[in-house]
Amino acid sequence: MKYKKISLITGGGGFFAFQHALAMSEMNNEIVLTDINKKKLIDIQKKLLRKNIKVYIFKADISKEKDVIKLKNFLLKKFGQIDILINNASIDHVPNKKNKTFKNLKLKSWNKEIEVGLTGTFLCSKIFGSIMQKQKKGVILNISSDLSIIAPDQRIYSHLKFEKPITYSVIKHGIVGLTKYLAAYWGKNNVRVNCISPGGIENKQNKTFIKKIKKLIPLGRMARSNEYIGVIKFLCSNQSSYMTGQNIIIDGGRSII
Ligand SMILES: NC(=O)c1ccc[n+]([C@@H]2O[C@H](COP(=O)([O-])OP(=O)(O)OC[C@H]3O[C@@H](n4cnc5c(N)ncnc54)[C@H](O)[C@@H]3O)[C@@H](O)[C@H]2O)c1
């Protein structure tokens, strides 16, 4: 049997995770999806199976260390190794009617969002990256956002009576810092850590929102869902073997103007 790499995707029941799974499948890797939501995991597993892609699913809350340790035990028992970790899970915003502006952002929401986006990424990196350190090989890919290098333009949300929360900026900038720290820390152990900062993917959003955001993007459109597969494969494979600690911005040019 051909040697397979073991890849783990957090937030594995979500929209973008499907594309990460396609990328891992094109690389002939074993795929493990983890998510706090079991139903979403089962749905995506069925959807991938219809494409003949078999994935393992494991329910875990990545902000809880005991859950991440259970996931580690499952992976080590099943495969004995971990080669690729895609830190993808996040919550955009805790929905709450009174929570829609900076002034009204509840401390509870701040804590919850940071707990998933940053603490969860820290815990998964610590626990799975430490296995990679022992193996003397491994790749971590962190999923940030174009909002890791620019501030949200609140005008594109104004008609929705919604503000992009400060937590999103803090998490996405923080992930770039975490990437650089770990890349420097584990470089000598042949563990590479990189990050992508994708622009928004068009996904049946509000029409006015789409019209407004397009005007901010030199390519004049949001991303198509499959447009990140190439960069994910590149960063998770040996094609990028001399690359670590980088934040690759793929935003249709939005951040240059
Ligand atoms: N979709 C886009 O246009 C876009 C653009 C740029 C960046 N991103 C980033 O890509 C990543 C994925 O985005 P998405 O659009 O797929 O979001 P999504 O909401 O569809 O998926 C996120 C997944 O994370 C899971 N999750 C939430 N809390 C969790 C926890 N505590 N433990 C484990 N899983 C948990 C959710 O259940 C969900 O399935 C995010 O980091 C997001 O910021 C997305």
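Only the coordinates and a few stated rules stand behind these numbers; no lab work does. Please read these numbers as outputs of a predicted model, since none were measured by experiment. As a convention, Cβ positions derive from the backbone with ideal geometry for all residues, glycine included, and neighbour counts pool all protein chains shown.
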- Charge dipole of the stretch 60-207 built from unit charges on the beta carbon (Lys, Arg +1; Asp, Glu -1), centred at mean Cα; most positive-end Cα among Tyr181, Ile196, Ser90 is Ser90
- Task: Can you tell me the dipole magnitude for the chain around its Cα centre, using point charges on the Cβ only (Lys, Arg +1; Asp, Glu -1), in Debye to the nearest 20?
- Result: 620
- Return one number: the angle in degrees, 0 to 90 and rounded to the nearest 10, between the long axis of the Cα atoms of helix 17-26 and the longest principal axis of the Cα atoms of the chain. 40
- re the stretch 1-151: pairs of Cα atoms spaced beyond 20 Å account for a percent value of 50
- Take every Cα-Cα distance within the stretch 145-247, group them into 5 Å bins from 0 onward, and report for each bin the whole-number percent of pairs it holds. 2, 11, 17, 19, 18, 13, 9, 6, 3, 1
- Message: Rounding to the nearest 10 and keeping the result within 0 to 90°, find how far the Cα-based axis of helix 65-78 lies from the longest principal axis of the chain.
- Response: 40
- Query: According to the Kirkwood expression over distinct Cα-Cα pairs, how big is the hydrodynamic radius of the chain, in Å?
  - Reply: 18.7
- Cross-link reach list, aspartates and glutamates versus Lys214, counting only Cα pairs under 19 Å and skipping chain neighbours closer than eight places: Asp146, Asp153, Glu163, Glu202, Glu227, Asp251
- Note on the structure: Among the stretch 127-157, those whose backbone N falls under 20 Å of a label point 7 Å along Cα→Cβ from Phe74 are 127-132, 141
- Under 12 Å by backbone N from the virtual spin label 7 Å along Cα-to-Cβ at Ile256, the residues of the stretch 197-239 are 218-220
- Item | the chain, relative contact order in percent, only Cα pairs under 8 angstrom and at least six apart counted | 18
- Once you list every other residue whose beta carbon is under 13 Å from the beta carbon of Lys108, what net charge do they have if Lys and Arg are +1 and Asp and Glu are -1? +1
- Task: Specify which residue in the list Thr119, Gly138, Ile149 is farthest towards the positive end of the charge dipole of the stretch 111-164, using unit charges on the beta carbon of Lys, Arg (+1) and Asp, Glu (-1), about the Cα centre.
- Result: Gly138
- Stretchable slack from Phe15 to His173, in nm (0.36 nm times residue separation minus alpha-carbon distance): 54.7 nm
- When the chain is treated as a GNM, springs tying every alpha-carbon pair under 10 Å, which of Gly200, Gly230, Gly13 comes out with the largest mean-square fluctuation? Gly230
- Task: Could you tell me which of the pairs Lys161/Lys211; Lys39/Lys77; Lys70/Lys137; Lys106/Lys161; Lys38/Lys66 are separated by over 19 angstrom between their Cα atoms in the structure shown?
- Result: Lys39/Lys77; Lys70/Lys137
- Message: Cβ neighbours within 10 Å, averaged per peptide: list 50-59, 27-36 in order, most packed at the top.
- Response: 27-36, 50-59
- Query: So for the stretch 7-47, Kirkwood radius off the Cα pairs, Stokes-Einstein at 20 °C and 1.002 mPa s: how many µm² s⁻¹?
  - Reply: 217
- Kirkwood Rh in Å, taken over all unlike Cα pairs in the stretch 95-195: 15.0
- Query: Quick one: Debye curve from the C-alpha atoms of the stretch 30-96, no solvent, what's log10 I(q)/I(0) at q = 0.15, 0.20, 0.21 Å⁻¹?
  - Reply: -0.54, -0.92, -1.00
- Per-selection Rg to Rh, the stretch 60-117 - Cα, Kirkwood hydrodynamic radius: 1.16
- Given the peptides 103-110, 118-125, 165-172, 221-228, arrange them by the average over their residues of other C-beta atoms within 10 Å, most packed first. 118-125, 165-172, 221-228, 103-110
- Message: What does the extension gain come out to for Lys4 and Lys46, with contour length at 0.36 nm per residue minus their alpha carbon separation?
- Response: 13.0 nm
